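Trainee: Dumping the structure here so I can ask a few things about it.
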Amino acid sequence: MPIAMATALLGLASETQAFEYGPFSLTGFVKAYASRVSNHCERCQRDPDAARQFIWADDIVFGKEFGSKTQRGIQVQPTLAANFDLPQGFKFSAAFAQRWRDGDPDLPGVVYERSATLKHEYYGSLVIGNFVSRGWNRPDSPYASDVGQTVFSDSGAAYGILTHALRYTSRELYVMDGNLVLEGTYAQGDTRWKRNKPEFFELWALWGQGPWVIEAVAQSGKNSAPAAFAKTAFKGLTYFPDRDDALLNGNSQGIFMLLTKYQIGSEYEVSAGLRVNRWSGAYAVALTQGAQAEWNNPFNVNWGAVDAKGVANPGYSARSTDLMLGLRKYINREWQAYAGVTYLGEASTANPRERGQSNTALFGSLGARYDFGNGLTASAALNAVHYGRKGLAPLSMPAHDAFSNIDSRVARKGHWVSFEANYKF
């Protein structure tokens, strides 16, 4: 596979039905989706608004009925850009992008992209502002999304949206009979934090030669809200640094990821991913008092215990490994068929309280996609999930019913059929 095909395949270049006027362009996508899921329990959690890391989110309402349910939604993400040619081969561009789900911001308080880029064919490119990390968008497209396994790209310890960030990407380099792209990213997050200053580093490498494309991503984030959801924004420990900076002691998390695609002739394509997750853990701290007390974002807490220094509700470090494998077949120019699986593994931790570290999850999809041309595609898939045990979900999952709407505390397994129409412009 020539490197031009590899870079297009991996999203460094893409064909869209852009709306253009002078130096301005409007691109993006509109996606409508629906699913019919089994073993779904509507608001079965006793405290339905509590995040999974809080112990009062563990309990479910006993005796509540569960069964099949239809769910649907619409996502819209436009990107407005301006592009200018400068002297001596330089190009300047600026972009603004936001995503809405069913009319509301997908991630409240977070802008997907607000950036400026200076690019040169020989010197590479420099980007400043807010934009998505490689730890999220590289596994998402075209690896996981090609084989129905966005559960892999959306889970784990990566941060997905960077704020106050700077990124340098090299030009294509010829290495080991293939083409190599290298990149480094640094992000500051919310600069109002003084004691617990957020700090983020990411390294990314892409190498392509013949039928192979191989990528590596290493990411480390310090003093942002701990999470197991790759769309999480890297900003700070809470939204109130003036109030909370002196009350908290920080945390860190990161990933190392390998991704690969391999073309088998002109009909088949294999995708694979391996991700190692690392969390430092985060102590649970009440930031305000009273019946409606506000808390920080804890992670992997031994609730009710104290550490060696007598501090209550200690958080414990954890590590886990997740895997993805998929196969795509090009039936003809319009039709593709695919199969994919994701395995979210157990976590290694010294926490004596069960917080999901002993559980696993296996997700699978079998589907087909039709390309109508001019940016419009439609797909349908049969999907299933099987948890290793009934109880709290694996630490790589942000919620006990994430990605499938099948709660690991209610049912050990379940299935769903999904439909999607996607228009890229």
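Trainee: Test R138 against the criterion of being surrounded by fewer than 16 Cβ atoms within 10 Å (Cβ to Cβ) and closer than 24 Å to G367 by Cα, and give yes or no.
Mentor: Answer is no for this residue.
Trainee: Of the residues S153, S125, which is among the small types (G, A, S), assigned to a strand (DSSP E or B) and in contact (Cβ under 8 Å) with a residue 40 or more places away in the chain?
Mentor: None of the others qualify; the one that does is S125.
Trainee: Go through segment 161-194 and count every residue that is part of a loop (DSSP other than H, G, I, E, B) and within 30 Å of K329 (Cβ to Cβ).
Mentor: Residues in segment 161-194 being part of a loop (DSSP other than H, G, I, E, B) and within 30 Å of K329 (Cβ to Cβ): 3 in total.
Trainee: In segment 307-314, is there at least one residue being under 21 Å from P352 (Cα atoms), open to solvent by less than 20 Å² (accessible area, probe 1.4 Å) and either among the charged types (D, E, K, R) or without any contact (Cβ under 8 Å) to a residue 60 or more places away in the chain (or both)? Spell out the reasoning first.
Mentor: Initially, segment 307-314 is screened for residues under 21 Å from P352 (Cα atoms), giving 307-314.
Add one more test, that the residue is open to solvent by less than 20 Å² (accessible area, probe 1.4 Å), and what stays is 314.
With the extra rule that they be either among the charged types (D, E, K, R) or without any contact (Cβ under 8 Å) to a residue 60 or more places away in the chain (or both), the set shrinks to 314.
Yes - at least one qualifying residue is present in segment 307-314.
Trainee: Among the residues that make up segment 268-288, is at least one of them open to solvent by 40 Å² or more (accessible area, probe 1.4 Å), in a loop (DSSP other than H, G, I, E, B) and over 15 Å from L248 (Cα atoms)?
Mentor: no
Trainee: Taking the conditions exactly as written (part of a strand (DSSP E or B) and either open to solvent by less than 30 Å² (accessible area, probe 1.4 Å) or among the charged types (D, E, K, R) (or both)), does R72 satisfy them or not?
Mentor: Here the answer is yes, as R72 does meet what is asked.
Trainee: Then there's this: Of all residues being among the small types (G, A, S) and either at pLDDT below 90 or assigned to a strand (DSSP E or B) (or both) in segment 18-65, which is most open to solvent (accessible area, probe 1.4 Å)? Just the residue, please. Steps first, answer last, please.
Mentor: Filtering segment 18-65 for residues among the small types (G, A, S) gives 18, 22, 25, 28, 32, 34-35, 38, 50-51, 57, 63.
The next check asks that each one be either at pLDDT below 90 or assigned to a strand (DSSP E or B) (or both); those that pass are 18, 25, 28, 32, 34-35, 38, 63.
On the way: A18: 37, S25: 19, G28: 15, A32: 46, A34: 33, S35: 24, S38: 14, G63: 83 Å².
Among residues in segment 18-65 that are among the small types (G, A, S) and either at pLDDT below 90 or assigned to a strand (DSSP E or B) (or both), the one most open to solvent (accessible area, probe 1.4 Å) is G63.
Trainee: Identify, please: which residue in segment 289-302 is among the aliphatic types (A, V, I, L, M) and in a loop (DSSP other than H, G, I, E, B) and is, among those, most open to solvent (accessible area, probe 1.4 Å)?
Mentor: Narrowing segment 289-302 to residues among the aliphatic types (A, V, I, L, M): 291, 293, 301.
Of the ones still in play, those that are also in a loop (DSSP other than H, G, I, E, B) are 291, 293.
Details: A291: 106, A293: 32 Å².
Once the filter is applied, the top-ranked residue is A291.
Trainee: Now for a different question. I'm trying to understand the selection: among the residues of segment 403-425, which are crowded, with 21+ Cβ neighbours inside 10 Å and within 22 Å of the chain's Cα centre (by Cα)?
Mentor: F403, S404, I406, D407, S408, W416
Trainee: For the condition over 29 Å from R355 (Cα atoms) and within 16 Å of the chain's Cα centre (by Cα), what is the one hit in T163, T191, T185?
Mentor: Just a single option satisfies the conditions, and that option is T163.
Trainee: So R195 passes all but one of these: (1) modelled with pLDDT of 95 or more; (2) in contact with a Phe, Trp or Tyr (Cβ under 9 Å, 6 or more places away or on another chain); (3) open to solvent by 10 Å² or more (accessible area, probe 1.4 Å). Which condition number does it fail?
Mentor: With respect to (1) modelled with pLDDT of 95 or more; (2) in contact with a Phe, Trp or Tyr (Cβ under 9 Å, 6 or more places away or on another chain); (3) open to solvent by 10 Å² or more (accessible area, probe 1.4 Å), R195 is out only on (2).
Trainee: Considering only residues that are open to solvent by 20 Å² or more (accessible area, probe 1.4 Å) and outside any strand (DSSP E or B), which ones fall in segment 246-265?
Mentor: A246, L247, N249, G250, G265
The values are calculated or read from the model by the stated rules, or taken from the named source; none is laboratory data. Every value quoted in this text rests on a predicted model; they were computed, and no experiment measured them. Quick reminder, even Gly has a Cβ in these numbers, built from the backbone with ideal geometry, and neighbours come from all protein chains shown. For accessibility, only protein heavy atoms count, side chains too; no ligands or nucleic acids. Shrake-Rupley method; radii C 1.70, N 1.55, O 1.52, S 1.80 Å.
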